[in-house]
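Reading through the structure tokens given below for one structure.
Every number here is computed from the coordinates shown, using simple stated rules; none is lab data. Just so it is clear, the structure is predicted and the values come from calculations on it, not from any experiment. So basically every Cβ, Gly included, is an ideal-geometry build from the backbone, and we count neighbours across all protein chains shown.
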Amino acid sequence: MNPYHNPPHLYLDQTIYFISARTVEANPILVSEESKKLFLKCFKEKVEKHKYILYAWVILNNHYHIIVQTNSGNSLPKFMQALHGVTSRTLNLQDEKKGRQVWFNYWDRCLSNDEDFNAHCDYIHYNPVKHRLVQHPEDYPYSSYEIFLKRGYYEIGWGYAEPKNIEKLKE
């Protein structure tokens, strides 16, 4: 069995998680603006329903990254199942692709300290530049970057080069 298909999960209460998921075979299912908006709407509804705290997010053409805090660790699989279920049905309806498998799997990681949290936020907000969707993070509307910018966590010019603190995340 491919170990990347079923990654191990650690479910802890009151924990901040970095979560990534990609589409089956990295298909660009989320390319259109409509698809990204649809995913974001469903995602925010599930975050609210599960009473998670949403810290950071980015939606790309074939994957997404989020940072959320759970109340109960055991709720994470239910959250992911609900999110992937509703977004699969909605995207398939939109694209007229009944029964298409949208999501491959998800990976989660508990963030243990401020340095780890900040590095993952930077990774999320640099991702559209990394994938050459835009030249500057502020030009990409499908991430929480603008919120971070308005709150003073970033200044214009941040992310014009790869942040040094995300190097360790590539290991």
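Points to keep in mind about this one:
- Filtered by the rule that a residue be assigned to a helix (DSSP H, G or I) and either more than 20 Å from E48 (Cα to Cα) or small (G, A, S) (or both), region 72-100 gives S75, A82, G85, S88, L91, N92, L93, Q94, D95.
- Filter pass, K51 being touching a Phe, Trp or Tyr at 6+ places or on another chain (Cβ under 9 Å), more than 15 Å from D108 (Cα to Cα) and not β-branched (V, I, T): no
- In region 87-106, the residues that are buried (at least 16 other Cβ atoms within 10 Å of the Cβ) and of a type outside the set (S, T, N, Q): L91, V102, W103, F104, Y106
- On inspection, L149 passes the criterion of being without any contact (Cβ under 8 Å) to a residue 24 or more places away in the chain, under 20 Å from K36 (Cβ atoms) and hydrophobic (A, V, I, L, M, F, W, C).
- Looking across Y11, Y55, one residue alone is buried (at least 17 other Cβ atoms within 10 Å of the Cβ), more than 24 Å from Q101 (Cα to Cα) and touching a residue at least 60 places away in the same chain (Cβ under 8 Å). It is Y55.
- Residues that are under 18 Å from L30 (Cβ atoms) and part of a helix (DSSP H, G or I) do not occur anywhere in region 101-121.
- Residue within region 91-107 that is in contact with a Ser or Thr (Cβ under 9 Å, 6 or more places away or on another chain) and under 25 Å from G159 (Cα atoms) present: yes
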